[in-house]
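Down below is the structure, laid out as structure tokens.
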């Protein structure tokens with residue numbers, strides 16, 4: 001996005017051309033493998049993207065908080081005394097939830113003018129919500145010298161905002177990837193201990209292509225929270241045989257031996273996905289460290305099959321897009337990414353096959369669904385940061 005255009009739109013909205021704002025950016029993320037494992041205390045393997053959320057911001061010298069977006073019509077103007085009041089189901093609840101967390105931590109929040117602009121596709125499952133949260137959190141620390149917060153503190157704060165204020169029981173992966181992302185690296189994260197390792201992702205002759213089903217998806221009112229409850233129930237059944245607090249505590253071989261402790265086949269399938277997906281993440285990291293992209297792609301394919309058959313979060317559109325992709329010579333891996341129920345796929349495609357992949361996958365998908373998909377070339381990028389804009 002053009003910095004000067006952002007500045008002009010800010011002034012058009014808020015005036016005050018004699019007081020320049022500051023510019024911040026937080027990326028979106030794509031999870032390469034390890035889906036629905038984060039809130040189960042398991043392993044994930046996300047990376048930050050070049051797409052993200054820009055925030056043009058300045059203190060207003062008043063007790064009025066003004067928020068607007070170039071992506072949505074809704075804007076708000078509220079007194080800072082009302083920050084902790086949820087605004088129906090609008091996008092402003094994501095930054096408001098973050099500001100509320102700062103207030104709960106004893107940090108005063110003055111009036112501000114805030115203009116958000118993003119190039120992450122809406123409702124695509126690339127974590128536009130975590131991007132908004134993290135850019136807000138990081139901007140607060142920079143503007144008001146909240147130096148007591150580390151980046152990991154901001155990650156946890158933003159997750160709490162989504163859990164408690166917005167009402168989505170997300171794990172920590174999205175905010176973590178947005179905050180801790182590193183260029184040309186994916187992040188191998190243990191969601192229970194928060195230990196992580198940046199693993200080089202050297203694509204060489206391949207490209208990461210994101211395919212958007214363009215089916216609208218709503219995370220808060222989807223079956224996401226239902227899956228969280230089902231996994232908690234699986235833990236309750238398994239805990240009678242071996243002590244565990246989350247599904248991430250048990251290996252696949254251990255689960256194989258005691259899975260019959262779960263009497264409900266649906267709940268058993270949910271647990272089977274999470275625990276086998278954990279093992280796939282470990283195998284995927286090992287494959288990358290050996291430079292074996294073919295094995296990594298095969299693990300992506302197995303991940304999608306489990307999400308479809310055991311976790312049942314894919315749906316017709318995502319399955320159709322993956323099936324169409326895997327028919328193309330040069331595609332070695334394709335899977336849904338994100339919460340599911342619509343959203344995006346991530347595909348590992350040989351560079352010389354990208355054009356054919358986009359053309360034929362689009363045709364096959366549109367023929368079956370009546371929807372035209374959108375494709376994005378993913379570049380693995382750094383995490384949240386300030387952009388030192390030359391407002392010229």
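The values are calculated or read from the model by the stated rules, or taken from the named source; none is laboratory data. Since we're looking at a predicted model, the values are computed, not measured. Positions of Cβ are generated from backbone atoms using ideal geometry, with glycine treated the same way; all protein chains shown enter the neighbour counts.
Here is a check on your reading of the model: is residue 116 assigned by TED's automatic domain parsing to the domain that holds residue 35, outside any helix (DSSP H, G or I) and out of contact with any strand residue (DSSP E or B) (no Cβ under 7 Å at 6 or more places or on another chain)?
So residue 116 fails the test.
Quick test for you: out of 95, 27, pick the one residue that is in the same structural domain as residue 128 (by TED's automatic domain parsing), touching a residue at least 24 places away in the same chain (Cβ under 8 Å), closer than 16 Å to residue 337 by Cβ and outside any loop (DSSP other than H, G, I, E, B).
Of the residues listed, the single one that is in the same structural domain as residue 128 (by TED's automatic domain parsing), touching a residue at least 24 places away in the same chain (Cβ under 8 Å), closer than 16 Å to residue 337 by Cβ and outside any loop (DSSP other than H, G, I, E, B) is 27.
Given 266, 275, which one is assigned by TED's automatic domain parsing to the domain that holds residue 373, assigned to a helix (DSSP H, G or I), at pLDDT 95 or above and touching a helix residue (DSSP H, G or I) at 6+ places or on another chain (Cβ under 6 Å)?
275
For residue 331, indicate whether it is modelled with pLDDT of 95 or more, in the same structural domain as residue 210 (by TED's automatic domain parsing), in contact with a strand residue (DSSP E or B) (Cβ under 6 Å, 6 or more places away or on another chain) and crowded, with 23+ Cβ neighbours inside 10 Å.
yes
Out of the residues in segment 222-249 meeting the condition of being over 25 Å from the mean Cα position of the chain (by Cα) and part of a loop (DSSP other than H, G, I, E, B), tell me which one is surrounded by the fewest Cβ atoms within 10 Å (Cβ to Cβ).
Filtering first and then ranking leaves 243.
State whether one or more residues within segment 172-180 are outside any helix (DSSP H, G or I) and either at pLDDT 95 or above or touching a helix residue (DSSP H, G or I) at 6+ places or on another chain (Cβ under 7 Å) (or both).
Yes, segment 172-180 has at least one match.
Restricting attention to segment 78-85, does a residue exist that is buried (at least 21 other Cβ atoms within 10 Å of the Cβ) and not in a strand (DSSP E or B)? Steps first, please.
Our first condition is that a residue be buried (at least 21 other Cβ atoms within 10 Å of the Cβ); within segment 78-85, this holds for none.
No, the conditions are met nowhere in segment 78-85.
Could you tell me whether segment 334-347 includes any residue that is outside any loop (DSSP other than H, G, I, E, B), in contact (Cβ under 8 Å) with a residue 40 or more places away in the chain and more than 30 Å from residue 169 (Cβ to Cβ)?
no
With the requirement that a residue be under 15 Å from the mean Cα position of the chain (by Cα) and at positive phi, what does segment 116-166 give you?
Correct list: 123, 125, 127.
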